[in-house]
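Scroll down for the structure; my scribbles are underneath it.
The values are calculated or read from the model by the stated rules, or taken from the named source; none is laboratory data. The model shown is predicted, which means the values in this text are computed figures rather than measured ones. Cβ placement follows ideal geometry from the backbone for every residue including glycine, while neighbour counts extend to all protein chains displayed.
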Amino acid sequence: QITLPTAPDFLWGASTAAHQIEGGNVNSDWWAKEHVAGTLCAESSGDAVDSYHRYPEDVRLLADAGLSAYRFSIEWARIEPAEGEISRAQLAHYRRMIDTCLAAGVTPVVTLLHFTLPRWFAERGGWFAPDAVDAFSRYVEIATDILGDVHHVVTINEPNITSMMLGASRRTNLDAAGLAAPDQAASEVQATAHRRAVEILHGLGHVRAGWTIANQVFQAAPGAEAARDGYAYPREDFFLEVARGDDFVGVQSYLRTVIGADGEPVPAGDDVERTLTGWEYYPQALGEALGYTHRITGGVPMIVTENGIATADDSRRIDYTRDALAGMARAMAGGCRVEGYLHWSLLDNYEWMSGFAPTFGLVAVDRTTFERTPKPSLAWLGKVARTGELP
Ligand code: GCO
């Protein structure tokens, strides 16, 4: 019988990201990406699921299910729509989101940057601009105005994925499994930005800060151990080593990547169950990701800031989550310090270039009426949070 820690000591909850749920984020680089001629995006984020206006209901659904933490991101493009122009109204909007969480007894976990950049920042070079760190640091300083009584702040979401995408765009191609080698310059500038942000946030005296890493669990195909070492580790070790000494590191785990003798990813076989993102159904990834992260960071406290699957079959979401949590329990029994589990995602949302088709939510959303309909998995996770047992 597996027993897990319970809420509220353990952060049981769910994650979202502003651009994927709010709607109307017209000042961001992603809005531009979605509307450029020849866009690779399946559709525009448009109104998303209108969480910009409906977040009180989102928080209520999470709290009523018995969950105790909500990870959401605030949008730099709204807070600083033009360089040096600060929107006090948008800061007040996100402060109201934080107050709504606190009033519902929900711990806010606030992400400052979740992939999307202000258009003005992107158009003058983004992370490759010479003053990128200064511009980001100025935004973090501004954001501290609304982070009173917020104790968990994510500086940057998945810098390794950003660096891979920038690496790919530099070479205009993606490696076999869509995992381009991270662009080293982008990796280093984000690391510097992260460290500056942590310093600024620690200046508040109550914030614990960290960044979140997409943990591409790498396994060697039989007989391919050497190839795996050459392929896998540089991709995320750099970012995990940056996290050494941080207050926490966010682990974001979904699937594994198997490396063949040629050092390249081995696509999953046709007989393998796949989810709506085309990924292999592999819930064991979470336990493996926690163990690997623990090893590379030297034991920095971890929060599972994303884990879940895109599926239309909510019973498979429950099966996946049950097995993933069993792996987390084993990792914790093995010495991993895990402080929370935030499921991706609270709501069905905009899955970037794939659009709205891959549904990750514990809550379904009608995209015409924006009506929220909790799925059985929401109550299931809430029961785990309350009892510490895996039904
Ligand atoms: C990411 C992001 C999320 C995704 C989720 C499913 O890891 O890409 O943090 O925005 O939607 O991971 O792909």
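Below, the figures for the structure above:
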{"item": "Inter-residue pairs, beta-carbon under 8 Å, first on the phi > 0 side of the Ramachandran plot and in region 356-385, second at pLDDT 95 or above and within 15 Å of the ligand (Cβ to nearest atom), 6+ apart", "result": "F370/V49"}
{"item": "Filter result (under 29 Å from V109 (Cα atoms) and of a type in the set (D, E, K, R)) within region 245-264", "result": "D246, D247, R256"}
{"item": "Hits in region 320-356 (condition: within 14 Å of the chain's Cα centre (by Cα) and either within 13 Å of the ligand (Cβ to nearest atom) or modelled with pLDDT under 95 (or both))", "result": "L342, H343, W344, S345, L346, L347, N349, Y350, E351, W352"}
{"item": "Pair list, Cβ under 6 Å, 6 or more apart: region 8-33 residue more than 23 Å from E83 (Cβ to Cβ) and within 12 Å of the ligand (Cβ to nearest atom), other residue of a type in the set (F, W, Y) and at pLDDT 95 or above", "result": "S15/W344; T16/F72; Q20/Y350"}
{"item": "Criterion violated by S87 - all others in (1) touching a residue at least 24 places away in the same chain (Cβ under 8 Å); (2) surrounded by fewer than 20 Cβ atoms within 10 Å (Cβ to Cβ) satisfied", "result": "(1)"}
{"item": "Candidates V198, V189, V251, V272, filtered to the one that is assigned to a loop (DSSP other than H, G, I, E, B) and hydrophobic (A, V, I, L, M, F, W, C)", "result": "V272"}
{"item": "Restricting region 294-319 to residues that are β-branched (V, I, T) and within 15 Å of the ligand (Cβ to nearest atom), the residue that is farthest from A17 (Cα to Cα)", "result": "T311"}
{"item": "Qualifying residue in region 215-232 (condition: of a type in the set (A, V, I, L, M, F, W, C), within 16 Å of the ligand (Cβ to nearest atom) and either assigned to a strand (DSSP E or B) or touching a strand residue (DSSP E or B) at 6+ places or on another chain (Cβ under 6 Å) (or both))", "result": "yes"}
